[in-house]
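Here is the structure we will look at, set down as structure tokens.
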Amino acid sequence: MHTRRFGALAALTAAVVALGVAEAVAIVTGATTSPLVSVGGVVIDNVPAAVKDFAVQVFYTYDKLALSVGTIALLAAFAVVVGVLAAKREIIGYAGIGLFAAIGIAAALSRHAAPWYAFVPTLVGALAGAAVLRWLFARETGYNATPEERRAFLRAAGYTLAGAAVLGFASRWWSTRRGVEADRAAINLPPVPPDTAVSPLPSEADAGLPDLAPFVTPNKDFYLIDTALVVPQLTSEDWQLRIHGRVEKEITISYKELLQRPMIERYATLACVSNEVGGGLIGNAKWQGVRVADLIREARPKAGADQVVSRSSDGFTAGTPTAVLLDGRDAMLAIAMNGEPLPVEHGFPVRMVVPGLYGYVSATKWLVELELTSFADFDAYWIKRGWAAQGPIKTESRIDTPRDGGKPKAGDVMIAGVAWAQHRGISKVEVRVDDGEWQTATLLPVPSIDTWRQWTLKWRATPGRHRLTVRATDNGGQTQTDAVAPPDPDGATGWHSIEVDVP
Ligand SMILES: Nc1nc2c(c(=O)[nH]1)N[C@H]1C(S)=C(S)[C@@H](COP(=O)(O)O)O[C@H]1N2
Ligand SMILES: [Mo]
């Protein structure tokens, strides 16, 4: 007979040992075989879209951390309940561990491209957890223990718990930061021939104002959106791309072979369909890579193959119109971002970049497959979850400075921001102060129609509260609509508007 408090402590220790050992074993078998990662992945792929959008909005890209913390908290609560029951009947403890193992194993085996041995980390972890539970229960002398015995026992349990937690975190850190970072650091990017390289940016492309998004977004500041609970670890050695499906000729290409193909370099602005009006899920980078169109033509698509599904190593998919990839725009398999090999979290070793389309229908990171199919035959990841199959980027603009709620001094104030309509280009940006006339802003130069464009407008600010509103017009003459729409299903619309208080 044991106390409830003892039962809870013993079960908690067993749970931490189980998870820590599973993480350590997962180093050998691959991160996605870990119970925490695979259960988290199942949750990410199956939560209702509304809950996920809410989480993305609340936690931005920290939603994964929130998910991990939430999962661990839930597990701890589960362990405590099981432990309390097990204090009366020890067998309940093993039943609880068995349930935990069944869920972990089912999740691990269900993940994309799961190896047959994906059950091993959870199984070994569960056995270790059960052994610890037995050990703790056997050592505890229950109600008759002397205070010394009790303290000695608590110490033993505490050390076990702490040791397992450290083992788990160290393993996680090791498995996500080793190999692939070293591989990435050793990559020598092939030179880009002058005729397909970008010309140096004119210094006037960037007004360089405080708070204004720089024309080129540094990699460390570039927004991150993906469904991967742990960043897929894919070395350039392991990487290969398979082009298959409705093609005359299937193609498989290695990283080495990819690097030997003609290289192009382009500036292109990526945007997320989930970006709210005025939001920050957009960034501009210089990409280096290989034209997708050349590879697709070599594979010779069959009639009716109107969709190219790009698939990542973790099973994410995006569906891009074949016609868009072949229409002459600089769609590429990117290997470098702003002059360095793709950062691991941005898709190392290879990702797609397609100017003009939102990321969810084009920008697949950790790319391993291009499958020619049709829109009628296959719905990609976000399409299954209700988002639009076609995702051209909408014409939008944003005020970066002054800031919303800012207090600029009366007199000359520089209003500035960015406007974008990728692959159509921006022809005009207008700003309105309160209910005044639309005033035409100065447009800064851009290297192509595939990037955002900075704009500036000098304003003689007068004391009081003012509302500033911006709207852009693309090269097709379409002015950004004022109709307010949420991101779901194909991108937010409306005018960005801010308020300032001029003292
Ligand atoms: N493998 C994979 N690629 C992906 C995604 C993903 O979830 N998994 N998300 C897409 C979405 S929705 C966007 S907006 C872009 C974001 O790219 P970034 O994280 O490099 O900014 O990646 C795209 N590529
Ligand atoms: Mo996105």
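The values are calculated or read from the model by the stated rules, or taken from the named source; none is laboratory data. Predicted model only: the values in this text are computed from it and were never measured. Counting neighbours? That spans all protein chains shown, and the Cβs are built from the backbone with ideal geometry, glycine included.
Can you confirm whether THR473 is within 23 Å of LYS286 (Cα to Cα) and among the hydroxyl-bearing types (Ser, Thr, Tyr)?
It is false that THR473 is within 23 Å of LYS286 (Cα to Cα) and among the hydroxyl-bearing types (Ser, Thr, Tyr).
Identify, please: which residue in region 396-421 is β-branched (Val, Ile, Thr) and surrounded by fewer than 23 Cβ atoms within 10 Å (Cβ to Cβ) and is, among those, nearest to THR317 (Cα to Cα)?
Once the filter is applied, the top-ranked residue is THR401.
Which pairs have Cβ atoms under 7 Å, sit 6 or more apart or on different chains, and link a residue in region 374-385 that is under 19 Å from PRO487 (Cβ atoms) to one that is in a helix (DSSP H, G or I) and not charged (D, E, K, R)?
TRP382/TYR360; ARG385/ALA49
Suppose the filter is buried (at least 16 other Cβ atoms within 10 Å of the Cβ), under 16 Å from VAL502 (Cα atoms) and not assigned by TED's automatic domain parsing to the domain that holds SER203; does VAL470 pass it?
No.
Is there a residue being surrounded by fewer than 22 Cβ atoms within 10 Å (Cβ to Cβ), over 19 Å from GLU371 (Cβ atoms) and within 16 Å of ligand 2 (Cβ to nearest atom) anywhere in region 338-345?
Within region 338-345, one or more residues are surrounded by fewer than 22 Cβ atoms within 10 Å (Cβ to Cβ), over 19 Å from GLU371 (Cβ atoms) and within 16 Å of ligand 2 (Cβ to nearest atom).
Pairs under 7 Å by beta carbon, first residue under 21 Å from GLN454 (Cβ atoms) and touching a residue at least 60 places away in the same chain (Cβ under 8 Å) in region 474-503, partner assigned to a loop (DSSP other than H, G, I, E, B) and of a type in the set (Phe, Trp, Tyr), six or more apart or different chains?
Sorted first by the residue in region 474-503, then by its partner, the pairs are GLN480/TRP495.
Table: residues versus (1) modelled with pLDDT under 90; (2) of a type outside the set (Ser, Thr, Tyr); (3) surrounded by fewer than 17 Cβ atoms within 10 Å (Cβ to Cβ).
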{"site": "VAL132", "(1), (2), (3)": "no, yes, no"}
{"site": "THR146", "(1), (2), (3)": "yes, no, yes"}
{"site": "GLY158", "(1), (2), (3)": "yes, yes, yes"}
{"site": "LEU161", "(1), (2), (3)": "yes, yes, no"}
{"site": "ALA170", "(1), (2), (3)": "yes, yes, yes"}
{"site": "TRP174", "(1), (2), (3)": "yes, yes, yes"}
{"site": "VAL180", "(1), (2), (3)": "yes, yes, no"}
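Go through region 193-207 and give me each residue that's assigned to a loop (DSSP other than H, G, I, E, B) and surrounded by 12 or more Cβ atoms within 10 Å (Cβ to Cβ).
Within region 193-207, ALA197, VAL198, LEU201, PRO202, ASP206, ALA207 qualify.
Of the residues in region 277-322, how many are away from ligand 2 (no atom under 15 Å from the Cβ) and touching a residue at least 60 places away in the same chain (Cβ under 8 Å)?
So the answer is 25.
Residues that are within 18 Å of ALA213 (Cα to Cα): list the strands (runs of 3 or more DSSP E) wholly contained in region 426-465 that include at least 2 such residues.
Fully inside region 426-465 and qualifying: 426-433, 453-461.
For region 232-276, which positions are buried (at least 19 other Cβ atoms within 10 Å of the Cβ) and within 16 Å of ligand 2 (Cβ to nearest atom)?
Selection gives ALA268, THR269, LEU270, ALA271, CYS272, VAL273, SER274, ASN275.
Going residue by residue through region 247-270, is there one that turns out to be among the β-branched types (Val, Ile, Thr), assigned to a loop (DSSP other than H, G, I, E, B) and at negative phi?
Checking region 247-270: not a single residue is among the β-branched types (Val, Ile, Thr), assigned to a loop (DSSP other than H, G, I, E, B) and at negative phi.
So which residues in region 331-348 are under 15 Å from the mean Cα position of the chain (by Cα) and closer than 14 Å to TRP239 by Cβ, if there are any at all?
LEU342, VAL344, GLY347, PHE348
Quick one: would you say ARG351 is within 13 Å of ligand 1 (Cβ to nearest atom) and modelled with pLDDT under 95?
So ARG351 fails the test.
Which one of these is surrounded by fewer than 19 Cβ atoms within 10 Å (Cβ to Cβ) and either in the same structural domain as VAL84 (by TED's automatic domain parsing) or without any contact (Cβ under 8 Å) to a residue 24 or more places away in the chain (or both): VAL47, VAL16?
VAL47
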